[in-house]
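Before any comments, here is the structure.
Bear in mind that the values in this text are calculations on the coordinates, not laboratory data. These numbers were taken from a predicted model, which means no experiment stands behind them. Every residue, glycine as well, gets a Cβ built from its backbone with ideal geometry; the counts of neighbours run over all protein chains shown.
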Amino acid sequence: MKTRKITIALILGIMLIVGTSCGPKSIEPSDGNDNSGNSVSEEVKAFDIVMGTEPTTLDPQFVTDVNTARSIMQIYENLVSWDDDYNIVGDLAESWTTSEDGLTWTFTLKQDVKFHDGTPFNAEAVKFTYERFIDPATASPRASQADMIDNIEILGEHEVAITTKAPTGDFLASMTSYNFCIISPEAVKKHGKDYNINPAGTGALKLKEWNFGESLVLEKFEDYWGEKATTDIVKISIVPEDASRVMMLQSGDADIAAGVPPIQMEKLQEDPNINIITETGYRTIFMGMNFKHEPFDDLRVRQAINHAIDKQSIIDNILGGMATAPVGVESIVISNAATDLEPYEYNPEKAKKLLAEAGYPDGFKTTIHTPEGRYAMDRQISEVVQAQLLEVGIDSEIIILDWGAYQEATTGGETTNLFLLGKGSPTGDPYMTQQLSFTTGAGMNNSFYSNPTFDRLVDKIRVEVDQDKRADMLYEAQKIIHEDAVYAVLYYETQTMATRSNVKGFEIYPNEMFKLWYLERE
Amino acid sequence: MLKYITKRIVTLIPILVVVSLLTFLLVHFMPGDPARIIGGETATQQDIDAINKAYGFDKPIYKQYYNYISNIFKGDLGTSIKTGRPVINDIKIRFPNTLKLSLSAMVIAVVFGTLIGIVSATKKYSFIDNIFMLFALIGVSTPSFYLGLMLMLLFSVKLGWVPMLGDKGLISLVLPAIALSVRSLATMARMTRSSMIEVMSQDYILSANAQGFSETKVVFGHALKNAMITIVTIAGLQFGYLLGGAVVTEKVFAYPGLGQLTVDAIRARDFPTVQAGILVIATTFVLVNLLVDVLYAFINPQIKYD
């Protein structure tokens, strides 16, 4: 009798918990309705976007990851940027000229441009921004990117001349990087070390509030110099779990989800309330090979590995078709990428023949290092590569490390043989990553590749300002790397994002950035 | 009693010093260069050297520890390597969130776990006992990650009862608290059942029954009181698990807690944040165990500390 009472109390307790968890039923998404905490009226256009990681800072000179860069690019602008046809066009710069010796770039700046703190954008602001970037006291982790700058001279209120130490072929491309965004000198002087949470750029959106660990709220900047934002408020919420982001989109709690994993795509494609947006990106995913360890110093072995991997199968079966089949090392959407190189076709027989010629008729044992969770389906892709290599006699053991340890392993090169990695393009021009990845002793050269011919070519490219000559030399450099089979390039990443189908104006770009300025709800 | 509590709080200091030293050493000797993680893929050696200098990584390890520990005594938990913000600011936001979530999960686990355990013990080997213990087994075996996603799918996506984004008030706490509580609830249920069965086989219970006391009085007045020592001990240990183990639940529900902060900091080799996170969790755990020990004296007057 008494235990029955206890049981009834238990059931009532559960009902109480469930009952109190009932909030109002979420409103079916429709015109002007918003399921976030923001109050919405017909006039206020508020949007919710969910992203996987929180921006680390809103100071462009301290940005080292793409996710933070995405937030930066909503509130800042550069002197120049890329257009859709891979040409560099003026942003805050109206026009520019180059001196005959290729050393001095003189920019005429746009007028009547304001920072978010109301102060004017001018030559003084450009000089301040870049000098702060280079200054050792700032301790920017990306300061070396501005190493080429020798001097900045103010020629007038809206005219500034930047002199480089040597002719620099990718000078303008470098200036498009998010680290080169223009910041308000007054805001930096006012906030000092706290500038990173009190940013002032010139973009069409500005920071309204930052709830650390939860969300960033951006609002329309009424004094924007260009086409004013149609977005009044956008809330960027941090939702680390992929599946949770997708569910929030499906329930209407979010309008836009950044970074939808390939495994979820099929389900979303069937949902009439969801619009999928894909774009071939700058990022190349590849299997690197450590030249310090035999037999990866043998070209035939590297070629064999390229022929042994069925890249299309990986794209179709692991990534749900959401990737682009590779050509060379640089993604085809990067300016001056060599897009007509002969890809290494899947041919296990050819692979076995090449291995036999190299002295490995029965294959060999090796290891594949892989991260997990760093890139979409990274571990699974490494496992597929492991299986495909086994078909031609290469027996490999998979080694999974957390990202910090993984970076140490790949840069040290003591233990790695094959390793899965990705590479992007911070400047949208191949020079930077060709130099960093393949010149002898360079910072990203985890293959420990060393080719004096290539090194000399890269040195020539650095100082060539004639863009046509530069383009030819860049092609040559990429051809060398491709023919040397330094990497087994697997695919170019496709960026996958999704929006509610009534949300328009969301644009994504190959460099993994997107714009939230001109969102509309139908 | 007061003397005992004071003594225990004083011993907290050497415990935390040891914890801080162990954490510092572990974090600094983990493979992975924080300068390279901060600098990103395209960092040059020049960038790496500048970062090492700016953050003091180029100093000898004992000097880095000394600076760290002397700042702690001044109340300065350091600056996050990842964000450049004082660590204390993030801890002030995240720790109360984790505490709220863990306490809510604890209340659910203790109340329902104990009740289920009591019912199971009094109805030993019955159908209801078997059902409850089956649910306990499922609860212990189900990953909180999976449970969290299923709860979200049902209550937020399908039924629309609980919003997933926006106001982080009481409603936002319910699903993550339930997801987090299940394993502890199942453990509490099983331990309560075992403890109650053992107690109820004692002679004094037989004696109480013989004296004609009602079942409620026997169960709650006598048996439960004697079983409480075990139950409270388990609850204290479970709370420690909940504090540190909320990471997965926090991730699934995008709940900004200390667990997620600490794990992200470990990945980024953000030493100051890792150390602060672990110190805060260790302190809370030690204080909870002190509370458990103090509760013993109230549950069982025969236990004296002075």
>> If each residue of separation counts as 0.36 nm, what is the full-extension length gain between A:Asn211 and A:Ile277 once their alpha-carbon separation is subtracted?
In response: 21.0 nm
> Out of residues 5 or more away from A:Ile394 or on other chains, whose amide H comes under 5 Å of its own, with H placed 1.01 Å from N in the peptide plane?
Replying inline: A:Phe364
>> List the aspartates and glutamates whose Cα sits under 14 Å from the Cα of A:Lys206, skipping any in the same chain fewer than 8 residues away.
In response: A:Asp59, A:Glu77, A:Asp117, A:Glu219, A:Glu222, A:Asp223, A:Asp232
>> Could you derive backbone 3J(HN,Hα) for region A:226-233 from the dihedral phi with the Karplus parameters 6.51, -1.76 and 1.60 (θ = phi - 60°), listing whole Hz in sequence and x where the residue is Gly or Pro?
In response: x, 5, 4, 5, 8, 6, 7, 9
> Using the Cα atoms of chain B to build a convex hull, what is its mean projected area in square nanometres?
Replying inline: 20.6
>> Net charge around B:Phe132, counting only other residues with Cβ within less than 14 Å of its Cβ (Lys, Arg = +1; Asp, Glu = -1)?
In response: +3
>> Relative contact order for region B:17-87: what percent, with Cα pairs under 8 Å and sequence separation of 6 or more?
In response: 20
> Could you give the distance between the Cα centres of region A:319-374 and region A:416-436, to the whole Å?
Replying inline: 15
> Whose amide H sits under 5 Å from the amide H of A:Glu94, counting only residues 5 or more places off or on another chain, with H placed in the peptide plane?
Replying inline: A:Thr108, A:Leu109, A:Lys110
>> Of the candidates B:Ser120, B:Ser195, B:Ser156, which one comes out as most mobile in a Gaussian network treatment of chain B with C-alpha springs shorter than 10 Å?
In response: B:Ser156
> Can you work out ³J(HN,Hα) from phi for every residue in region B:248-264, in order, using Karplus 6.51 cos²θ - 1.76 cosθ + 1.60 and θ = phi - 60°, giving whole Hz and x for Gly and Pro?
Replying inline: 5, 4, 4, 5, 4, 9, 6, 9, x, x, 6, x, 4, 4, 5, 5, 4
> Roughly how many debye, to the nearest 20, is the charge dipole of chain A about its Cα centre, given +1 on each Lys and Arg Cβ, -1 on each Asp and Glu Cβ, and no other charges?
Replying inline: 1680
> With charges only on Cβ, +1 for K and R and -1 for D and E, what is the dipole size of region B:19-98 about its Cα centre, in debye, rounded to 20?
Replying inline: 320
> What Rg and what Dmax come out for region B:188-306 when only alpha-carbon atoms are used, in angstroms?
Replying inline: 20.1, 65
> For B:44-52, what's the mean count of beta carbons from other chains sitting within 10 Å of each residue's beta carbon?
Replying inline: 5
> In whole percent, what relative contact order does chain A give with Cα contacts below 8 Å and a gap of six or more residues?
Replying inline: 18
>> To check my understanding: the extent here is largest minus smallest coordinate of the Cα atoms along each principal axis. What are those three numbers for region A:175-242, in Å, largest first?
In response: 36, 32, 24
> Among rounded, prolate and oblate, which fits region A:99-232 when a ≥ b ≥ c are the square roots of the eigenvalues of its C-alpha gyration tensor, a/c under 1.5 means rounded, and a/b larger than b/c means prolate?
Replying inline: prolate
> Is the shape of region A:46-177 rounded, prolate or oblate, going by the alpha carbon gyration tensor and its root eigenvalues a ≥ b ≥ c, with a/c under 1.5 for rounded and a/b larger than b/c for prolate?
Replying inline: prolate
> Rounded if a/c is under 1.5, else prolate if a/b beats b/c, else oblate: with a ≥ b ≥ c from the C-alpha gyration tensor eigenvalues square-rooted, which is region A:447-493?
Replying inline: oblate
>> If R₀ is 51 angstrom, what is the calculated FRET efficiency for the pair B:Asp58 and A:Glu159, using the beta carbon separation as r and rounding to 0.05?
In response: 0.80
> Over chain A, what number does the Rg to Rh ratio reach, with both radii from the alpha-carbon atoms and Rh per Kirkwood?
Replying inline: 1.02
> When the helix-only estimate is applied to the protein assembly as shown (DSSP H runs of n ≥ 4, each -39,500 (n - 2.57), divided by the residue count), what is the mean residue ellipticity at 222 nm, nearest 500 deg cm²/dmol?
Replying inline: -15000 deg cm²/dmol
>> Exceeding 20 Å between C-alpha atoms, which entries from my cross-link table qualify? They are B:Lys7/B:Lys225; A:Lys228/A:Lys515; A:Lys127/A:Lys190.
In response: B:Lys7/B:Lys225
> Under the definition of partner shielding as Cβ atoms of other protein chains within 10 Å of a residue Cβ, what is the mean value for peptide B:247-255?
Replying inline: 4
>> Taking amide H atoms as placed 1.01 Å from N in the peptide plane, list the residues 5 or more away in sequence, or in a different chain, whose amide H sits under 5 Å from that of A:Leu401.
In response: A:Thr370, A:Glu372
>> Below 20 Å, Cα to Cα, which aspartates and glutamates can B:Lys123 reach? Residues fewer than 8 away in the same chain don't count.
In response: B:Glu198, B:Asp203, B:Glu215
> Over 26 Å between Cα atoms, which of A:Lys504/B:Lys82; A:Lys114/A:Lys193; A:Lys292/A:Lys423; A:Lys193/B:Lys74; A:Lys208/B:Lys92; A:Lys311/B:Lys251 qualify?
Replying inline: A:Lys504/B:Lys82; A:Lys311/B:Lys251
> Between A:Glu222 and A:Asp455, what is the spin-label point distance in nm, taking each point 7 Å from the Cα along the Cα→C-beta axis?
Replying inline: 6.0
> For region A:359-433, what is the Kirkwood hydrodynamic radius in Å, using each pair of distinct C-alpha atoms?
Replying inline: 13.7
> Hey, rough spin-label estimate for B:Phe135 and A:Ala325, points 7 angstrom out along Cα→Cβ, what's it come to in nanometres?
Replying inline: 5.6
> Distance from the Cα centre of region B:30-70 to that of region A:151-210, in angstrom?
Replying inline: 26
>> Run the numbers for B:Thr283 and B:Ile15: contour at 0.36 nm per residue of separation, minus the present Cα-Cα distance, in nm.
In response: 95.6 nm
> Of the trypsin sites (Lys or Arg not before Pro) in region B:29-84, which ones lie in a loop per DSSP and count no more than 15 other C-beta atoms within 10 Å?
Replying inline: B:Lys74
